Amino acid sequence: TEADAEEDEQPRHQVTLADFYIYTHEVTNEMYARCVEAGDCIPVNALLGGPTSHYGDPAFAEYPVSGVDWLMARDYCDWANARLPTEAEWELASRGVESLRYPWGEEDPDCDRVNMLGCLVPPDTVEVGSYEWGNSPYEVWDMSGNVWEWVHDWYDEDTYFFFSGLNPLGPNISETKVVRGGGLYSEPTMMRSAARQPADPNRPYDDVGFRCVPMGPLELPGGYVLVDEIHERVPPDSLDGGGDHV
């Protein structure tokens, strides 16, 4: 019902979810590096400039890790005895049971609440937990802006026409996974908690990170197709930057 809502956010619908926990912050460079050191994650392909250049630099330990594909995010969560949130879990953590337009409420986004396009020149990430005024009703930080976040679900623009209203998992197969929350290159409209975008799960983006749900594994239905175990080790382009898919 929002004026800015895209077709893939409709129709408006009710969801029922089991209880869950979710990380209060996005996974940081330091956190991800521990998984690499343990041998359970592959390193970020860091560029000379942009957000991925912060990986491995102690000065940016508390910045969100970016340049991780969906498989890399999944592997980290597995290593941490957790999993990626479902799309519905992510949205509830962002907007609460009152279905707020933004994590903080109905007020338009500004640079005191969120790191989005125009807030830093040149655009860059900031430390996790930098925008208390942007917190969600559950006191979850950075649900909007800074980096987009991978979630578990496959993407389909018609998902909400065919989904189950009880602990939905999205479609069984697609070509892309869902990312949520907007990032440092995103327009203000993408800060909305209902906004969703598709992304190639096998390639990294320099404005996409993730957070985990420290719960048991999801029970997937029969016929659910897993992501091919392929990492496209290409320079991490931005999701919003119009880079071509490889």
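The values are calculated or read from the model by the stated rules, or taken from the named source; none is laboratory data. Computed from a prediction, not measured in an experiment: that's the story for all the values here. Here the Cβ positions follow ideal geometry from the backbone for every residue, glycine too, while neighbour counts run over all protein chains shown. The accessibility values were calculated without ligands, DNA or RNA, using every heavy atom of the protein model including side chains. Shrake-Rupley method; radii C 1.70, N 1.55, O 1.52, S 1.80 Å.
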Does any residue in segment 45-65 that is free of Cβ contacts under 8 Å to residues at least 40 places away in the same chain and at negative phi come within less than 8 Å, Cβ to Cβ, of a residue that is open to solvent by less than 40 Å² (accessible area, probe 1.4 Å) and part of a strand (DSSP E or B) six or more places away or on a different chain, and which pairs are these?
-> Ala61/Thr28
Quick one: in segment 75-87, of everything that is surrounded by fewer than 22 Cβ atoms within 10 Å (Cβ to Cβ) and either at negative phi or part of a helix (DSSP H, G or I) (or both), which residue is nearest to the chain's Cα centre (by Cα)?
-> Arg83
Candidate set from segment 90-107 (those that are without any contact (Cβ under 8 Å) to a residue 60 or more places away in the chain and of a type in the set (A, V, I, L, M, F, W, C)); member that is farthest from Asn135 (Cα to Cα) | Val97
How about segment 1-59: which of its residues are charged (D, E, K, R), at pLDDT below 95, in a loop (DSSP other than H, G, I, E, B) and open to solvent by 60 Å² or more (accessible area, probe 1.4 Å)?
-> Asp4, Glu6, Arg12
Gly242: passes all of (1) modelled with pLDDT under 95; (2) within 17 Å of the chain's Cα centre (by Cα); (3) small (Gly, Ala, Ser) but (2)
When residues of segment 162-198 are filtered for being closer than 14 Å to Pro103 by Cβ, among the charged types (D, E, K, R) and out of contact with any Gly (no Cβ under 9 Å at 6 or more places or on another chain), how many remain?
-> 1
The one condition in (1) at pLDDT below 95; (2) part of a helix (DSSP H, G or I); (3) not polar (S, T, N, Q) that Glu91 fails to fulfil = (1)
